[in-house]
Amino acid sequence: MLRETTPRPTPGILMAGVLVLGIAAGAAIFIFGARSKNLPQLFTGLGVLTVAFLGLPGLFTVAPNEGKVLTLFGNYRGTERRPGLWWVNPFMSKQTVSLRVRNFETNKLKVNDARSNPVEIGAIVVWKVIDTAEAVFEVNDYVQYVSVQSESALRALASSYPYDAHGTDEITLSTHTAEVSKGLMEALHERLAKAGVDVIEARISHLAYAPEIAAAMLQRQQASAIVAARQTIVEGAVGMVEMALDSLREKNIIDLDGERRAAMVSNLLVVLCSDRAAQPVVNTGSLYT
């Protein structure tokens with residue numbers, strides 16, 4: 001496995017000056033040789049011009065957050081990351097690799113979750129190249145490799161967790177965003193390390209039930225919400241009834257037997273738990289008629 005190394009190029013400004021002087025000197029020698037019909041001088045000038053022009057392709061520039069991968073006759077010679085103008089062997093090939101941070105958003109994938117419910121899921125991956133040698137030589141196309149492996153990791157992640165917990169405390173895609181994002185990061189690090197890529201951030205950008213079951217799951221969520229709300233109402237009503245009975249007993253306002261107490265509790269619970277306004281009934285008779 002290739003690892004990135006640092007070459008030792010010659011400063012480009014220095015070599016540019018040398019090459020310009022070489023071209024000027026070669027042109028002058030060639031012209032003087034042509035005028036004086038001096039063949040050795042003519043060929044010397046031509047040779048100096050040829051060498052100077054052959055050296056020009058060795059000049060290259062490196063922009064900030066960019067790397068130049070240098071190869072000579074198929075052999076990797078290093079990666080220059082320092083911004084500026086440089087010169088190397090003109091027969092070296094130079095491939096530019098961006099070191100900037102990039103965003104990648106996956107397609108909306110249709111996957112079955114841990115409970116075999118079809119869901120739609122998408123993610124945003126923030127990444128950058130940290131080893132240019134691995135990015136260029138270990139995989140065929142590192143940009144496409146990131147895309148394919150990101151979608152593969154997202155599919156595996158979505159199949160490992162359920163969409164919703166339905167009352168349990170297990171990790172789910174919809175409620176445990178931090179845990180799910182951490183799991184996606186770990187999966188991407190493992191898959192993309194061989195391509196010289198570092199994942200800076202990965203998070204879910206889209207999550208929904210598939211259209212064919214979305215309506216049924218919405219009804220289930222609504223039913224769960226109604227049951228939870230009713231449970232809270234009943235717990236509050238029981239507490240209020242208990243408080244009312246204790247207050248009546250402590251203040252000796254009225255003494256109720258078991259049957260009348262049960263009737264009172266039933267009436268209070270109906271009033272407190274009903275989803276409609278209670279209709280008052282005025283009792284004009286005695287308490288026990």
Dipole magnitude of the stretch 87-132 about its Cα centre (Cβ charges: Lys, Arg +1; Asp, Glu -1), debye to nearest 20: 100
Rel. contact order, % - alpha carbon contacts under 8 angstrom, at least six apart, the stretch 28-104: 27
Sulfur and carbon atoms: percent of accessible area, the stretch 13-152 [1.4 Å]: 61
Among His206, Ile171, Gly196 the positive-end extreme of the charge dipole of the stretch 163-212 (Cβ point charges): Gly196
Cut-off 15 Å between beta-carbons: net charge of the residues surrounding Gly84, Lys and Arg +1, Asp and Glu -1: +3
Total charge dipole magnitude, the stretch 42-112, about the Cα centre, Cβ charges on Lys, Arg, Asp, Glu only, Debye to nearest 20: 380
In the stretch 88-127, chymotrypsin sites (Phe, Trp or Tyr not before Pro) in a DSSP loop with at most 15 other beta-carbon atoms within 10 Å: Phe91
Gyration tensor (alpha-carbon) shape descriptor, the stretch 105-215, a/c threshold 1.5: prolate
Of Asn112, Ala16, Phe43, farthest towards positive along the dipole that unit charges on Lys, Arg, Asp, Glu beta carbons give the stretch 2-143: Phe43
Heavy-atom accessible area order for Leu192, Leu85, largest first, 1.4 Å probe: Leu85, Leu192
At most 11 other Cβ within 10 Å, DSSP loop - trypsin sites (Lys or Arg not before Pro), the stretch 1-102: Arg3, Lys37, Arg100
Ratio of Rg to Rh over the stretch 150-211 (Cα coordinates, Kirkwood Rh, two decimals): 1.01
Rh by Kirkwood over Cα pairs, then Stokes-Einstein D for the stretch 37-182 at 1.567 mPa s and 4 °C, µm²/s: 66
Calculated from backbone phi, Karplus (6.51, -1.76, 1.60) coupling profile of the stretch 69-78 in Hz, x at Gly/Pro: 8, 9, 10, 10, 6, x, 9, 6, 10, x
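The values are calculated or read from the model by the stated rules, or taken from the named source; none is laboratory data. The structure displayed is predicted, hence computed values, not measured ones. No Cβ is skipped: glycine too gets one built from the backbone with ideal geometry, and neighbour counts run over all protein chains shown. The area values use the complete protein model at the heavy-atom level, side chains included, leaving out ligands, DNA and RNA. Shrake-Rupley method; radii C 1.70, N 1.55, O 1.52, S 1.80 Å.
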